[in-house]
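Beneath this line is the structure, given in structure tokens, with notes to follow.
The values are calculated or read from the model by the stated rules, or taken from the named source; none is laboratory data. Since the structure is predicted, the reported quantities are computational estimates derived from the model, not experimental observations. Here Cβ is always computed from backbone atoms with ideal geometry, including for glycine, and neighbour counts include all displayed protein chains. Surface accessibility is based on the protein's heavy atoms, side chains included, excluding ligands, DNA and RNA. Shrake-Rupley method; radii C 1.70, N 1.55, O 1.52, S 1.80 Å.
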Amino acid sequence: YDHAVDVSIHLMMLGRFLSLPERDIQQIGLAGMLQDIGKIKIPQEILNKPSALSEDEYTLVQSHVASSLEMLQEQIEFTTEMLEIVACHHERHDGSGYPRRLAEEKISLGAELAGMMDVYCAMTRNRVYNPAVSHQRALEALLSMRGKQFRAPLVDQFIQCMGLYPVGTLVELNTGEVGVVIQQNKVRRLQPRVLVVLAADKS
């Protein structure tokens, strides 16, 4: 549930940043909330397995896409575009995704955004098989996927949207002082407004 809410909120935030129409923002938010609902049909011991999945187990996990579609296509508020997002949010720009190994323009904008937010939000949350990483580490990981799993301009736009240093982030300045980010700089994203809380000697 927490992951679904995370994905939904991040999708709507990014949609607004990209100036998508309000209807599209609502649609990607709802699709993001429910895109993994088919996982309720997968045994918990597989979803929460701390070690690597076997080939059969991985195939079963991939089946959640079809299960999600089966559950959602009967809902009148789920449009064709939203079902497309659910169907393709695990597809990747370079064709390495699943279930159909689609690539490039065969993946809709909404589906690619949903996939990117799914990956980002999963990395920043504790999972049985991987501890959460910081916002910066998650963005670094997305940067390594730039131009491969995800279109380069979309990764760039997400980083612009989030800022490398979100409000509340502790940073050490090159002077040795420690500060907390209190405001984004919309012109120079690498230079947010910082409140210094520790001197260079850490007093």
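General remarks:
- Residues satisfying the stated conditions in the stretch 167-191, i.e. at pLDDT below 85, out of contact with any Pro (no Cβ under 7 Å at 6 or more places or on another chain) and surrounded by 14 or more Cβ atoms within 10 Å (Cβ to Cβ): T169, R189
- Residue match in the stretch 106-113 (condition: hydrophobic (A, V, I, L, M, F, W, C) and open to solvent by 50 Å² or more (accessible area, probe 1.4 Å)): yes
- Test set (1) at pLDDT 90 or above; (2) open to solvent by 30 Å² or more (accessible area, probe 1.4 Å) - I76 fails condition number: (1)
- Applying a threshold of 9 Å to beta carbon distances and a minimum spacing of six or more residues, or different chains, the list of pairs starting in the stretch 97-109 at a residue that is farther than 19 Å from M82 by Cβ and ending at one that is open to solvent by 70 Å² or more (accessible area, probe 1.4 Å) and assigned to a loop (DSSP other than H, G, I, E, B) reads A103/D94; E104/D94; E104/R151.
- Pairing residues of the stretch 41-65 that are on the phi < 0 side of the Ramachandran plot with residues that are among the small types (G, A, S) and surrounded by 10 or more Cβ atoms within 10 Å (Cβ to Cβ), at Cβ distances under 6 Å and at least 6 apart in sequence or on separate chains, gives K41/S67; H64/G38.
- If you go through the stretch 162-178 and keep only what is closer than 15 Å to Q136 by Cβ and not in a loop (DSSP other than H, G, I, E, B), you end up with M162, L170, V171, E172.
- Residue list for the stretch 36-53, restricted to those being open to solvent by less than 60 Å² (accessible area, probe 1.4 Å) and in contact with a Ser or Thr (Cβ under 6 Å, 6 or more places away or on another chain): I37, G38
- Sole exception among (1) small (G, A, S); (2) assigned to a loop (DSSP other than H, G, I, E, B); (3) under 12 Å from A114 (Cβ atoms) for G32, by number: (2)
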